[in-house]
Structure formats: C-alpha cells, structure tokens
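Remarks on the structure that follows.
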Amino acid sequence: MSKIGKKNITIPKDSSISVASGQLTIKGPKGSKTLTINDKIFSSSINKDNQFEIKPLSKKVDKKTSILWGTYRSLVNNAVEGVSKGHEKILELNGVGFRASLKGESLNLQIGFSHDVNFKIPKEIKILVEKQTVIKISGVDKELVSKTAADIKSLKPVEPYKAKGIKEKNQFVLRKEGKKK
C-alpha cells in the first residue's frame with residue numbers, strides 16, 4: 001500500500017475537479033489544468049467532504065501499482081495547488097555586474113559573458129524581475145516552473161570558489177578554499 005496514495009486531497013473552496021473517463025480537469029482562480037489517469041488501474045472520485053480520492057481497482061496491490069498510486073496522487077495534488085495558489089521559484093544572481101531585465105517576451109541576462117544572454121520565456125510562465133539580481137518565476141504547472149528555473153540556472157551555474165552565478169533562494173553552495181602559497 002502506498003502511504004502517499006492513501007491520503008485524500010482537500011479541494012479548496014474556489015477550485016473544482018471534474019472526472020470523466022480517466023480525464024481530470026482541475027479549475028481554479030489561477031487557471032486550469034488537465035491530467036490523464038489510467039482508469040484501467042485506478043478509480044477516482046470526490047467524496048462528501050469535498051476531498052478527491054484515488055484508489056486502485058484491484059484489492060491486491062502489487063509494487064508497480066503502489067508506486068503509480070503515489071505518483072498520480074502527487075501529480076493531482078500539485079495541479080490542485082497550482083490552480084489555487086500557484087507555484088513560485090526565486091532565483092538570485094551573484095557576481096559583479098550580474099543583472100537581469102525583461103525585454104518583451106524574453107529575459108535579458110548580463111552574467112559575465114562578453115555578450116548578453118536572452119532567455120525566451122514560455123507562454124504559461126510569468127517572470128518578474130524585482131531587483132536587478134532577483135528573478136521570480138511563477139505559474140500553474142509545477143513541472144514547467146521548475147524546468148524554467150533549472151534552465152535559467154544552467155546558463156551560469158554557481159562556482160564553488162567565489163559563489164558567482166545563478167542560484168535558487170536559500171540554496172546551499174559548498175565553498176572551496178583557494179590555492180595557498
């Protein structure tokens with residue numbers, strides 16, 4: 001039995017889930033998201049306490065079904081959280097002369113190269129540049145928000161000697177000591 005899969009998902013008052021033959025449509029104030037659940041293995045329903053529950057059809061649950069059960073429950077929970085509150089990642093630029101700015105549909109980064117780096121922003125993602133060194137990435141889809149943050153971080157990874165580069169807020173950077181004489 002899956003520990004995570006057993007837990008029910010509480011649906012907020014301003015959100016709704018509709019179930020139709022393996023298709024889940026989750027709507028909320030931030031937007032809507034559609035998920036597909038394998039209806040040959042799992043049944044999904046909304047109980048009287050306004051909680052979404054997903055259960056395997058067979059009484060005997062094997063290891064693969066247990067793993068899928070927890071995965072589907074996590075995906076639905078992330079979607080419910082995304083359409084009601086939204087997901088957000090905060091990136092920080094560390095380094096002399098490092099700065100970011102928005103130019104239309106792209107994020108312009110000056111990160112120590114001889115040229116500016118332009119990052120094309122996906123349509124479903126909203127990016128705010130609060131200060132020149134703080135970037136806020138927000139959206140409904142947790143996977144897309146995390147992927148966008150990882151793509152931006154990969155443009156200039158944090159180096160261990162002076163901790164220059166792009167990192168997530170509160171990310172731990174293991175520092176190394178420089179050469180000694």
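Every read-out reported here was derived from the displayed coordinates using simple, explicitly stated rules and does not represent laboratory data. Predicted model, so just to flag it, every value in this text is computed and none were measured. Here the Cβ is made from the backbone with ideal geometry for all residues, glycine too, and neighbour counts use every protein chain on show.
Brief remarks follow.
- Note on residue 179: aspartates and glutamates with a C-alpha under 17 Å away, same-chain residues under 8 apart excluded, are 159.
- Look at 61, 134 and count the other Cβ atoms within 10 Å of each Cβ; fewest to most, that gives 134, 61.
- Relative contact order (%) - the stretch 87-168, alpha-carbon pairs under 8 angstrom, separation at least six: 36
- The structure-derived value of Cα Rg over 2.2 N^0.38 Å appears in the list [x] 1.33; [y] 0.95; [z] 1.66 under the label [x].
- Charge tally around residue 129: other residues with Cβ under 11 Å, Lys/Arg +1 each, Asp/Glu -1 each, net +3.
- Inter-centroid distance (Cα atoms) of the stretch 86-110 relative to the stretch 1-70, Å: 36
- The residues packed around residue 172, meaning those with a beta-carbon under 15 Å from its beta-carbon, carry a net charge of +2 if Lys and Arg are +1 and Asp and Glu are -1.
- Fewest-first ordering of 32, 15 by other beta carbons within 10 Å of each residue's beta carbon gives 32, 15.
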